[in-house]
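The values are calculated or read from the model by the stated rules, or taken from the named source; none is laboratory data. Quick caveat: nothing in here was measured; it's all calculated off a predicted structure. Cβ coordinates were reconstructed from backbone atoms using ideal geometry, including for glycine residues, and neighbour counts include every protein chain displayed. Protein only, heavy atoms only, side chains kept; ligands, DNA and RNA dropped before computing areas. Shrake-Rupley method; radii C 1.70, N 1.55, O 1.52, S 1.80 Å.
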Amino acid sequence: MSAIRLEFQNLVVPVQRIQDLYPGGWSGFIADNAERIGRTVWFSSSLARVGGAMDPEMADALIQRWTDLGFTATEVVDGRTQWRDLVLVDAFGFSQYNCPWIMVAERVAWLRGKERDGVVDRSNFQ
């Protein structure tokens, strides 16, 4: 399965970026978040919902946690700010900045250029 269900505000990171940048790679991420998987964290083969928020302050704290780990939140391309290693997106696909690697429709996100073939949410981990 390659797509993830979205709720409220979602911090989403490509699985490959977690493998590349997270301390300990994918296995480090799984170990560090074991208690949150199926609650606030779930993932497909290509995207991970690494947390969620219902207010801007919580969302800012989530982003800060990931930038403290070495992820870059945004970058400027052709004079416009866009998301880079992660994206904060709501269930309807709205985001403060453009994100070149994500697609959102019907409260589901998947990697741009990939097939949307099945949706993962918290229920897949309970």
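Can you give me the % of accessible surface on region 14-121 that is carbon or sulfur? Probe 1.4 Å, all protein chains present, nothing else counted.
Roughly 49 percent, rounded to a whole number.
Could you order 41, 104 by accessible surface area, starting with the largest, using a probe radius of 1.4 Å?
Ranking 41, 104 by accessible area, largest first, yields 104, 41.
With a 1.4 Å probe and all protein chains kept in place, how do 125, 29 rank by accessible area, largest first?
Largest accessible area first, the list is 125, 29.
Heavy atoms only, 1.4 Å probe, whole protein assembly: order 77, 50 by accessible area, highest first.
Result of the area sort, largest leading: 77, 50.
Quick one: net charge of residue 106's neighbours, Cβ under 12 Å, K/R +1, D/E -1?
+3
HN-Hα J couplings of region 21-35 from phi, Karplus 6.51/-1.76/1.60, θ = phi - 60°, integer Hz, Gly and Pro as x?
Working through the residues one at a time gives 10, 6, x, x, x, 4, 5, x, 4, 4, 5, 5, 10, 3, 6 Hz.
At 1.4 Å probe radius, can you tell me the per residue accessible area of the chain in Å²?
54
Run the 1.4 Å probe and let me know the accessible area of residue 76, rounded to the nearest 10 Å².
100
Once the other residues with Cβ under 14 Å from the Cβ of residue 21 are scored (Lys, Arg +1; Asp, Glu -1), what is the net sum?
Summing Lys and Arg as +1 and Asp and Glu as -1 gives -1.
Run the 1.4 Å probe and let me know the accessible area of residue 67, rounded to the nearest 10 Å².
Accessible surface of residue 67 is approximately 40 Å².
Which far-off residues, 5 or more places away or on another chain, put their amide H under 5 Å from the one on residue 47, with H placed in the peptide plane?
15
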